[in-house]
1. Just the accessible area for THR226, please: 1.4 Å probe, Å², rounded to the nearest 10?
2. What residues qualify as long-range amide H neighbours of ASP376, i.e. H under 5 Å apart, gap of 5 or more or another chain, H built at 1.01 Å from N?
3. Give the Debye-formula value of log10 I(q)/I(0) at each listed q (0.14, 0.19 Å⁻¹), with one equal scatterer per alpha carbon of segment 276-345, two decimals each.
4. In Å, what Kirkwood hydrodynamic radius results for segment 163-207 from the alpha-carbon pair distances?
5. If I compute solvent accessible area with a 1.4 Å probe over the protein chains, what percent of it on segment 102-146 is carbon and sulfur?
6. Counting heavy atoms of the protein chains only and a 1.4 Å probe, report the per residue accessible area for the chain as a whole number of Å².
7. What's the angle, to the nearest 10 degrees (0 to 90), between helix 161-181's Cα axis and the longest principal axis of the chain?
8. Which three extents, in angstrom, do the Cα atoms of the chain have along their principal axes, listed largest first?
Amino acid sequence: MVARSTPREPWVFTSFAFPFANFFQPGVFWPQIADYRPLQIIAILALLGSLGRKATYSRLEALRHPCAKWLLFFLILQPLSVYRTGLYGMWQEFNFWLTYALFFLVSLRIVESPETLRRYIWGMMIGSAWIVFWGIYAVFAGLEETTNGGRAGAYGMYENHNDYSFIIVQTLPFYFVYWRTEKGFIRRTFLGIAALGSVLGIFMSLSREGMMALVLQAALIVVFTTTKRTRLILLPLVFAVGAAAISYQYVKRAQNQGDSYTAEDAESSRWELWQAGGSMVAAHPILGVGSRSFGENATSYGEISHDNLGKNAHNTFIEAAATTGLIGLWAFVMMLVSTLKELRKPAGPAATPWEINTRNATLIAFATIIFRSLFDAKSWDWSYYVLITIAVATSAMLKNRAIPEGVAAEALPPSQAPLSNKLP
């Protein structure tokens, strides 16, 4: 049975352009247009383009998903946590985090079917590939403002070399999984080049934790995309090559950094920040010291060396607890756990191979991001929100097409029938 046809969307302003622009960051790439708020304009156009278009699943059902509830609850806590700054401070924090809530809600509005989800993911992949290759180009071109002293980084959200590694491990599983299954020379060539470029980007970032995350991701790709027999062969190879790659990264980073900041310094530096975070939680266990204020408060809760002044906690979980209290940590952890549980569920007989591949890629990326979050504090990184969007959307689509027990697929109305394996 083929999928129910839906009117073609004005995709230039909707499911492809919205995620592409979000990762491309036009207002940062072209500062002269930043005052016009291009991302907000694209979001409005995306919403206008979706008006009158019905989804093949219940959007309300998607918002009722535990992942969505915990995500929105975590975002609501952010402005509440800065209550000490007064209404104006809370309003400023609300405006910052509102961007993430709107991104999630607009995404669910414009992703109305498997076809639009596919375009949405392509928008994410191409926008992310631009960032990855810009970081590589920046090193070769000697763009000092973005390369952190010879370490690959892009701009905006991904200027720092550690932040740059987040977008790579967010998107690499999609490049690889789709490269194995997509048809068409141009698409497969792009995906293969993007995958190889992502690996090169991690090496050129000189991020030690980024390399660890890449090795973990390679192992997860083997676990979730190969047979048991193949795993027995590939996993030892991944760990052996991975150990060599991590050692290489440590050596190259030491050469780049010199004696001014060694790996031992980085380790002691993290302990210093983590201990300050623990003191913040002990002093303000309910709502913490305030969203995004770890760096400015750290000196009041521990001995912070000169190099660490103003830095984040270098651990997203510790920072969430320190800045939004145990309530914030609870919401953040539940957001992650509910997403992992959703992605680990069997897709069911209604799922197409493409949807199964998509959920596997999302699971691999999300698990890697959680690991990466242990060594950097980025609760505002886009990876959480785009991956949760994909998890929630696919869950709602599959639930809508689930075949009730004892009911033949042919007896279902078109809106509930399983899709064919071929997507337009």
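1. Counting only protein heavy atoms, THR226 exposes about 30 Å² to solvent.
2. ASN315, THR316
3. For the requested q values the scattering log ratios are -0.43, -0.67.
4. On the way: mean 1/r = 0.0934 Å⁻¹.
The answer is 10.7 Å.
5. It is 70 percent, rounded to a whole number.
6. Details: 19180 Å² over 424 residues.
Heavy-atom accessible area per residue stands at 45 Å².
7. Roughly 20 degrees between the two axes.
8. Taking the Cα atoms of the chain, the three principal extents are 69, 54, 46 Å.
The values are calculated or read from the model by the stated rules, or taken from the named source; none is laboratory data. Only a predicted model underlies this, so the values are computations on that prediction, with no experimental measurement involved. Using ideal geometry, Cβ is built from the backbone for each residue, glycine included, and neighbour counts are taken over all protein chains shown. Keep in mind that these areas ignore ligands, DNA and RNA; they rest on the heavy atoms of the full protein, side chains included. Shrake-Rupley method; radii C 1.70, N 1.55, O 1.52, S 1.80 Å.
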